[in-house]
Amino acid sequence: MKFSVVVPLYNKAPYLAATLASVRSQSCDDYEVIVVDDGSTDSGPELARSLGDTRVRVVAQRNAGVSAARNRGIAEALGEWVAFLDADDWWHPGYLAALLRAESAHPQAGMLATGYRNVMHEADARFEPWAAPERALECIDDLYARWHGNRLMFTSSIAVRAETLRAMQPCFAVGESLGEDLEAWLRLAEHTPVIYNPAPLVARLHVPNNLASPAALLHEPPFLQRLEVRTRQREVPGRLLRSAMHFVAESRIALARRNLAVGDRPNALRCLARAWAGILGRRWWVTIALLPMPSQVVKRFEIRRRKIHP
């Protein structure tokens, strides 16, 4: 089959029916769905089984976290491509068909992705009013440079060749739930071009029990340190070394500003000190200038900056 859709599941029963319905409504029906029950204690696994759809299978494991669940799904996959879909997100009916067109246009690619839109309520994810025009495809050879400041895609809008994923298992850092997915995409993109369709074909729901809490976002994700080590040891391909180092620095500068916005100047200063590769850049020095400012001023500055440079 063409696609294996991996859905990690942990206590998302209120959203799962709509998520699976968005898969079953795809115009491309060459797929299987692997729901990885990561020790759920609600009715989600039973809901998936009750569909009576032979394309949907549930595999159960003891609770080990979202990374372990995705790795398990990859191991179980029978399709040529593995598409990831979190249990509280939705796909446009034309999502898989759009991936097929991207593959046909760029058969050398090992990673495909589309744009997405954020929604705050389930009702906002109705796809009928969403325009889904054909968009020009972009071949991304340097995801480090293309990503920072431009969150183009996210886990539920990405598909990767199964053989590529298996070659780098475990793809997702077990025990981590902050940045573990981005690390996987960046590592993959070091070795294969990413074919990107900017059409917003995925709805990303923001729910209260998301793993990445606001407090967690004030701390450096573990993968940044690993990436810094990999750049120093030149494990990152030479053509990407400069942009990878810049990505680490810019991520730490962004983290410094988030800490300043909540009034944590000591942590912001530590983040800036670790962003040594960005010391010649304008953003590093602007952030230094923001250090003595009240947190509300920093917050307004960041909001205004995002409006001007989304």
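The values are calculated or read from the model by the stated rules, or taken from the named source; none is laboratory data. Since we're looking at a predicted model, the values are computed, not measured. Here the Cβ is made from the backbone with ideal geometry for all residues, glycine too, and neighbour counts use every protein chain on show.
Annotations for the structure displayed:
- Being in a helix (DSSP H, G or I) and either at pLDDT 95 or above or in contact with a Ser or Thr (Cβ under 6 Å, 6 or more places away or on another chain) (or both) holds for only one residue in LEU99, LEU78, LEU112, and it is LEU99.
- Residues of region 220-234 include at least one that is of a type in the set (S, T, N, Q), under 28 Å from HIS106 (Cβ atoms), in contact with a helix residue (DSSP H, G or I) (Cβ under 7 Å, 6 or more places away or on another chain) and buried (at least 17 other Cβ atoms within 10 Å of the Cβ).
- Of all residues in region 1-58, those that are part of a helix (DSSP H, G or I) and either in contact with a Gly (Cβ under 6 Å, 6 or more places away or on another chain) or not charged (D, E, K, R) (or both) total 15.
- Positions within region 150-183 being more than 21 Å from ILE195 (Cβ to Cβ), of a type outside the set (A, V, I, L, M) and under 14 Å from the mean Cα position of the chain (by Cα), in sequence order: PHE172, GLU176, SER177, GLY179, GLU180
- Residue within region 235-253 that is at pLDDT 95 or above, assigned to a loop (DSSP other than H, G, I, E, B) and crowded, with 16+ Cβ neighbours inside 10 Å present: yes
- Any hit, region 301-309, residues being over 24 Å from GLY179 (Cβ atoms) and in a loop (DSSP other than H, G, I, E, B): no
- When the criteria are applied in full, ALA173 meets the requirement of being in contact with a Pro (Cβ under 9 Å, 6 or more places away or on another chain) and crowded, with 16+ Cβ neighbours inside 10 Å.
- Number of positions in region 59-99 that are touching a Lys or Arg at 6+ places or on another chain (Cβ under 7 Å) and of a type outside the set (D, E, K, R): 7
- Residue in region 38-55 that is over 19 Å from TRP91 (Cα atoms), modelled with pLDDT under 95 and either surrounded by 20 or more Cβ atoms within 10 Å (Cβ to Cβ) or assigned by TED's automatic domain parsing to the domain that holds ALA83 (or both) present: yes
- Residue check: ASP142 meets all listed conditions (1) modelled with pLDDT of 95 or more; (2) closer than 21 Å to LYS2 by Cα but one, namely (2).
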